[in-house]
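This is the structure I want to talk about, given as structure tokens.
The values are calculated or read from the model by the stated rules, or taken from the named source; none is laboratory data. Here the structure is a predicted model, which means the values were calculated and not measured. Using ideal geometry, Cβ is built from the backbone for each residue, glycine included, and neighbour counts are taken over all protein chains shown.
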Amino acid sequence: MIGQLIHHFHYIFAEPEDEGHTRNDYDPKYIAKLLKRREPNGKVFFYFKNRRNYISLFANGHINVREYDGLFKPWGVSEFKDIKPQDLFERLEKEIAKIRIPSSGYGPDYHFYSYVEFLDWLRK
């Protein structure tokens, strides 16, 4: 479990990869970069079928697990403990029930029901 936590924090706080690398539509860092363009201080919540935990990803690249009451849950004891953060969206794409981007106070929340629909919106 300690190893998982160390890997998770290294993944979150490591320096971003070179801009010339190949685009990976499933990499949380890439998604955070796209989100930052659309919503500079934004965050996005990923809800999955048959899971009580959900993922929050922030435009600054931080990713974490939350419980339905909104409280932070350590990755190593979450329902995602067996999945590396960088593999999460690719492995669970078919299990996504909803993706929500809460309003920054200036408009409505955005809701998406597929990963492809969410990516299309990010790239506009």
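Just the residues that are touching a residue at least 60 places away in the same chain (Cβ under 8 Å) and farther than 14 Å from residue 121 by Cβ, please, taken from segment 90-101. First the steps, then the outcome.
Narrowing segment 90-101 to residues touching a residue at least 60 places away in the same chain (Cβ under 8 Å): 90, 93, 101.
Matches in segment 90-101: 90, 93.
Next question. Consider segment 62-96. How many of its residues are surrounded by fewer than 13 Cβ atoms within 10 Å (Cβ to Cβ) and assigned to a strand (DSSP E or B)?
The number of residues fulfilling the criteria is 1.
Do we find that residue 59 is surrounded by 13 or more Cβ atoms within 10 Å (Cβ to Cβ), out of contact with any Phe, Trp or Tyr (no Cβ under 9 Å at 6 or more places or on another chain), within 23 Å of residue 109 (Cβ to Cβ) and modelled with pLDDT of 95 or more in this structure?
When the stated conditions are applied, residue 59 passes them.
Report whether or not residue 32 is surrounded by 16 or more Cβ atoms within 10 Å (Cβ to Cβ) and either at pLDDT below 90 or not β-branched (Val, Ile, Thr) (or both).
Judged against the criteria, residue 32 is a match.
Which residues, counting only those in segment 50-70, are touching a strand residue (DSSP E or B) at 6+ places or on another chain (Cβ under 6 Å) and hydroxyl-bearing (Ser, Thr, Tyr)?
54, 56
Given the criteria surrounded by 13 or more Cβ atoms within 10 Å (Cβ to Cβ) and either farther than 15 Å from residue 121 by Cβ or of a type outside the set (Val, Ile, Thr) (or both), does residue 110 qualify? Let's see the steps before the verdict.
Details: surrounded by 13 or more Cβ atoms within 10 Å (Cβ to Cβ): yes; either farther than 15 Å from residue 121 by Cβ or of a type outside the set (Val, Ile, Thr) (or both): yes.
Judged against the criteria, residue 110 is a match.
Inspect all residues belonging to segment 38-49 and state whether any of them is at pLDDT 95 or above, β-branched (Val, Ile, Thr), more than 15 Å from residue 115 (Cα to Cα) and under 11 Å from the mean Cα position of the chain (by Cα). Before the answer, list the steps.
Of the residues in segment 38-49, the ones at pLDDT 95 or above are 43-49.
Those left that are additionally β-branched (Val, Ile, Thr): 44.
Now narrow it down to the ones that are more than 15 Å from residue 115 (Cα to Cα): none.
The answer is no; no qualifying residue exists.
Those residues that are polar (S, T, N, Q) and closer than 17 Å to residue 36 by Cβ, I need them from segment 65-102; list them, please.
Across segment 65-102, there are no qualifying residues.
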